[in-house]
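Enquirer: Below is one structure. I have some questions about it.
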Amino acid sequence: MNRELTNKQLYNKLSDYVVDEFFADNSSLKRIEFGPLEVNCFSICFWVNTIIDSEKQGVYIKIPKVILYKKENEKILPLSSDDRKLAEDEYRSLVHLSHYWPKNDMNVSFVKPVGFLKEYNAIFTEQFFAKHFFKMFRQFDLKRRFNSKPDNTHHILSRLGKTLSRFHQTTITECKFDINSILNKMEGCCDELKAFGVSEKFINSIIFKLRTLKDIEIYTHHTNTLKGFDVRQVFIDKEGRIFLLDPGKMKTDYKEMDLARFIATSRILYWGSMLFFLRMSPEKSYEESFVKAYYGDNEKPDKVLCLLTIKELLKHWRMAYTVLGIKQWPSLIKGLLKKTYIDPFYRRQINVELVNLER
Ligand SMILES: Nc1ncnc2c1ncn2[C@@H]1O[C@H](COP(=O)(O)OP(=O)(O)O)[C@@H](O)[C@H]1O
Ligand SMILES: [Mg+2]
């Protein structure tokens, strides 16, 4: 029975499956290599690759699983209904994107799904050989501080913005922005931050500003959006080709949701590096390259984008507290991190957007 399989046994089983299913009928096959099991926050992954006709080719095996830094969740089996839902939603999105993601001169593609094994919740995608774009983004943003020359990062961000816009265009319809429901959700997030111990005075000032927007009438567009349009899910190879992965569940939503998610994840580019402690975020012009390319000449970002960016920042702030809560660190250190780095960082980011909101 599945339940008895350890991670190692499952790894062996899935490795055999990949070799039989994807590499078996290739007579020119050379040595096959198997990558180690990688444990992430929401998945366990590994790769299998080989050389076919002097070209490296591989399959990535991903088992979505809610792990969230908890050691006991690192055992893949048994799977929970949440784990299964994660995988099914993701696979459905990948298949949809393989048909509808724009194929064009921008050279921005979504990772290609090649199979799904329901029994083990395993998604198989074509392996790409590329590096994390956000690391390159950090390096260029740092270099720019000493050298004002424009860099290639702007071009990459433009390609991302333009391709996302083309994808959105195929399902776009005008709609009213239900501002009150968004404001309610944001207030809910604010209340949670207060309960975590974030300055009541600051949070109340946000709530006060938000309430002044109640009932205003704004129009925008609905379209197919991707939960996972995140700067850390962008990869770039030696030829400059861009690959995206992990789209998450697709949902009809305001088009600005995808933009706001990408913007918020870009603002926290230095999260996880020592430079976050300097409360750094990339220069604004990078974000502008992305947003300008998305809108083209016809439209400009507006209140909706601003408001949804604040909403995303509030969610990331709450997430930072949740993650710190899980970590087994001394409470003194946790308190210091919150008050000295996390809170000032998000306060500054949100203040900037609150000012933009009034324009
Ligand atoms: N098809 C693929 N080719 C190359 N690397 C991949 C592929 N799929 C996943 N990866 C690697 O595995 C990591 C985790 O994959 P991801 O789908 O983002 O999982 P999670 O849901 O846990 O974030 C990625 O950051 C990337 O390094
Ligand atoms: Mg990911």
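The values are calculated or read from the model by the stated rules, or taken from the named source; none is laboratory data. Just so it is clear, the structure is predicted and the values come from calculations on it, not from any experiment. As a convention, Cβ positions derive from the backbone with ideal geometry for all residues, glycine included, and neighbour counts pool all protein chains shown.
Enquirer: Please state which one of LEU97, LEU68 is at pLDDT 90 or above and either under 21 Å from LEU14 (Cα atoms) or within 17 Å of the chain's Cα centre (by Cα) (or both). Before you say what the answer is, go through the steps one by one.
Expert: Values: LEU68 fails: at pLDDT 90 or above.
Sole residue among the options that is at pLDDT 90 or above and either under 21 Å from LEU14 (Cα atoms) or within 17 Å of the chain's Cα centre (by Cα) (or both): LEU97.
Enquirer: Scan the stretch 20-42 for residues that are surrounded by 12 or more Cβ atoms within 10 Å (Cβ to Cβ), away from ligand 1 (no atom under 16 Å from the Cβ) and modelled with pLDDT of 90 or more and report the count.
Expert: 1
Enquirer: Restricting attention to the stretch 53-65, and to residues there that are more than 15 Å from PHE129 (Cα to Cα) and in a strand (DSSP E or B), which single residue is farthest from ligand 2 (Cβ to nearest atom)?
Expert: Of everything passing the filter in the stretch 53-65, ILE63 is farthest from ligand 2 (Cβ to nearest atom).
Enquirer: So LYS194 clears everything in (1) touching a residue at least 24 places away in the same chain (Cβ under 8 Å); (2) in a helix (DSSP H, G or I) except one condition, right? Which one?
Expert: With (1) touching a residue at least 24 places away in the same chain (Cβ under 8 Å); (2) in a helix (DSSP H, G or I) applied to LYS194, the lone miss is (1).
Enquirer: Which of the numbered conditions does PRO113 fail, given that it passes all the others? Conditions: (1) within 16 Å of the chain's Cα centre (by Cα); (2) under 30 Å from ALA293 (Cα atoms); (3) within 14 Å of ligand 1 (Cβ to nearest atom); (4) not assigned by TED's automatic domain parsing to the domain that holds HIS155.
Expert: (1)
Enquirer: Let me ask something else. I'd like the residue in the stretch 118-145 that is among the aromatic types (Phe, Trp, Tyr) and away from ligand 2 (no atom under 15 Å from the Cβ) and, out of all such residues, is farthest from PHE46 (Cα to Cα). Step through it out loud before you land on a result.
Expert: Initially, the stretch 118-145 is screened for residues among the aromatic types (Phe, Trp, Tyr), giving 120, 124, 128-129, 133-134, 137, 140.
Cutting the leftovers down to away from ligand 2 (no atom under 15 Å from the Cβ) gives us 120, 124, 129, 137, 140.
Numbers: TYR120: 14, PHE124: 10, PHE129: 14, PHE137: 26, PHE140: 30 Å.
So, considering only residues that are among the aromatic types (Phe, Trp, Tyr) and away from ligand 2 (no atom under 15 Å from the Cβ), the one farthest from PHE46 (Cα to Cα) is PHE140.
Enquirer: If you don't mind, there's one more thing I want to ask. Here are some residues: LYS339, LYS334, LYS311. Which one is free of Cβ contacts under 8 Å to residues at least 40 places away in the same chain, part of a helix (DSSP H, G or I), in contact with a helix residue (DSSP H, G or I) (Cβ under 7 Å, 6 or more places away or on another chain) and not hydroxyl-bearing (Ser, Thr, Tyr)?
Expert: LYS334
Enquirer: Among what's in the stretch 151-182 and is at pLDDT 95 or above and of a type in the set (Asp, Glu), pick the residue that is surrounded by the most Cβ atoms within 10 Å (Cβ to Cβ).
Expert: So, considering only residues that are at pLDDT 95 or above and of a type in the set (Asp, Glu), the one surrounded by the most Cβ atoms within 10 Å (Cβ to Cβ) is ASP178.
Enquirer: Starting from residues that are surrounded by fewer than 19 Cβ atoms within 10 Å (Cβ to Cβ), among the charged types (D, E, K, R) and not in a loop (DSSP other than H, G, I, E, B), keep the ones in the stretch 233-277 and report whichever is farthest from ligand 1 (Cβ to nearest atom).
Expert: If we take residues in the stretch 233-277 being surrounded by fewer than 19 Cβ atoms within 10 Å (Cβ to Cβ), among the charged types (D, E, K, R) and not in a loop (DSSP other than H, G, I, E, B), then ASP253 is farthest from ligand 1 (Cβ to nearest atom).
Enquirer: Determine if the stretch 63-75 includes at least one residue that is crowded, with 18+ Cβ neighbours inside 10 Å and either polar (S, T, N, Q) or in the same structural domain as ILE326 (by TED's automatic domain parsing) (or both). Give the steps one after another, and end with the answer.
Expert: Our first condition is that a residue be crowded, with 18+ Cβ neighbours inside 10 Å; within the stretch 63-75, this holds for 63-65, 67.
Keeping just the survivors that are either polar (S, T, N, Q) or in the same structural domain as ILE326 (by TED's automatic domain parsing) (or both) gives none.
Checking the stretch 63-75: not a single residue is crowded, with 18+ Cβ neighbours inside 10 Å and either polar (S, T, N, Q) or in the same structural domain as ILE326 (by TED's automatic domain parsing) (or both).
Enquirer: Identify, please: which residue in the stretch 43-57 is hydroxyl-bearing (Ser, Thr, Tyr) and touching a Lys or Arg at 6+ places or on another chain (Cβ under 8 Å) and is, among those, nearest to ligand 1 (Cβ to nearest atom)? Explain how you work it out, then say what you get.
Expert: Kept after step one, since they are hydroxyl-bearing (Ser, Thr, Tyr), are these residues of the stretch 43-57: 43, 50, 54.
After this cut, where a residue has to be touching a Lys or Arg at 6+ places or on another chain (Cβ under 8 Å) as well, the list is 43, 50.
Working: SER43: 3, THR50: 14 Å.
So the residue we want is SER43.
Enquirer: Is it true that some residue in the stretch 78-87 is in contact (Cβ under 8 Å) with a residue 40 or more places away in the chain, more than 14 Å from ligand 1 (Cβ to nearest atom), loosely packed, with under 14 Cβ neighbours inside 10 Å and at negative phi? Spell out how you get there, then give the answer.
Expert: So in the stretch 78-87, the residues in contact (Cβ under 8 Å) with a residue 40 or more places away in the chain come out as 78-79, 86.
Okay, now just the ones that are also more than 14 Å from ligand 1 (Cβ to nearest atom), so 78-79.
In the following step, the residues that additionally are loosely packed, with under 14 Cβ neighbours inside 10 Å were identified as 78.
With at negative phi added as a condition, the list becomes 78.
Checked the stretch 78-87: at least one residue is in contact (Cβ under 8 Å) with a residue 40 or more places away in the chain, more than 14 Å from ligand 1 (Cβ to nearest atom), loosely packed, with under 14 Cβ neighbours inside 10 Å and at negative phi.
Enquirer: What residue, among those in the stretch 43-64 that are hydroxyl-bearing (Ser, Thr, Tyr) and under 23 Å from the mean Cα position of the chain (by Cα), is modelled with the lowest pLDDT?
Expert: Applying the first criterion (hydroxyl-bearing (Ser, Thr, Tyr)) to the stretch 43-64 yields 43, 50, 54, 60.
When the remaining residues are screened for being under 23 Å from the mean Cα position of the chain (by Cα), the result is 43, 60.
Numbers: SER43: 94, TYR60: 98.
Across the stretch 43-64, the extreme among qualifying residues is SER43.
Enquirer: Here's something else I'd like to know. Read through the list (1) over 17 Å from LEU5 (Cβ atoms); (2) more than 15 Å from ligand 2 (Cβ to nearest atom); (3) in contact (Cβ under 8 Å) with a residue 40 or more places away in the chain; (4) not β-branched (Val, Ile, Thr), then give the number of the only condition that LEU68 fails.
Expert: (2)
Enquirer: Which residue is nearest to CYS190 (Cα to Cα), if the candidates are limited to the stretch 282-336 and must be among the polar types (S, T, N, Q) and buried (at least 17 other Cβ atoms within 10 Å of the Cβ)? Outline the logic, then answer.
Expert: At the first step, the residues of the stretch 282-336 found to be among the polar types (S, T, N, Q) are 285, 289, 298, 309, 322, 328, 331.
Okay, now just the ones that are also buried (at least 17 other Cβ atoms within 10 Å of the Cβ), so 289, 309.
Working: SER289: 30, THR309: 14 Å.
Residue satisfying both the conditions and the ranking: THR309.
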